[in-house]
């Protein structure tokens, strides 16, 4: 599977996600507390980005489980339906900015585990089905 090809099987998707998670965890482990929690020039810290990844991954877990994606993400349904990513991201940021690094990281790792468990329950045909 090349870097540009989308995963076509559950095995390929699981491998791609595992590689991305290993890369992210490795990079984050090299950061100290200040590097994880101090906002950059754009105003977001690494912690804020991880919280953001967690919420969007929760949405994917819900989608794959045929659950309410909007509820899982905790965003406004109208914003979600309109595709207003700026508003959704601002909502996510506001709800999670005061959490500790350990809480955000724990939430992300739990969601990553849920995603991996969900993938094991799917077959390759599930990845090809349309989801709404």
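On the beta carbon distance between residue 110 and residue 15, with R0 = 22 Å, the FRET formula returns roughly 0.55. Rounded to the nearest 10 degrees, the angle from helix 85-96 to the longest Cα principal axis of the chain is 60 degrees. Taking Cα atoms, how many degrees apart are the long axis of helix 10-29 and the longest axis of the chain, rounded to 10 and kept between 0 and 90? So the helix axis and the longest Cα principal axis differ by about 10 degrees. Maximal additional length on extending the residue 126-residue 93 stretch stands at 8.7 nm, based on 0.36 nm per residue less the C-alpha distance.
Ordering 109-118, 76-85 by mean Cβ neighbour count within 10 Å, with the highest value first, yields 109-118, 76-85.
The calculated FRET efficiency for residue 65 paired with residue 41, based on their beta-carbon distance and R0 = 30 Å, is about 0.20. This structure gives semi-axes √(5λ) of the Cα gyration tensor in Å, computed directly, and of [x] 26, 20, 13; [y] 38, 16, 12; [z] 27, 16, 13 that value is listed as [x]. Sorting the segments 21-31, 90-100 by their mean number of nearby beta carbons within 10 angstrom, highest to lowest, gives 90-100, 21-31. Relative to the longest principal axis of the Cα atoms of the chain, the long axis of helix 101-120 makes an angle of roughly 0 degrees. Only helices enter the 222 nm calculation for the chain: every DSSP H run of n ≥ 4 contributes -39,500 (n - 2.57), and dividing by all residues gives -21500 deg cm²/dmol, rounded to 500.
Coordinate-derived values only; no laboratory data. Bear in mind that the values here come from a model prediction, so they are computed numbers and not experimental data. Cβ atoms come from the backbone with ideal geometry, glycine included; neighbour counts cover every protein chain shown.
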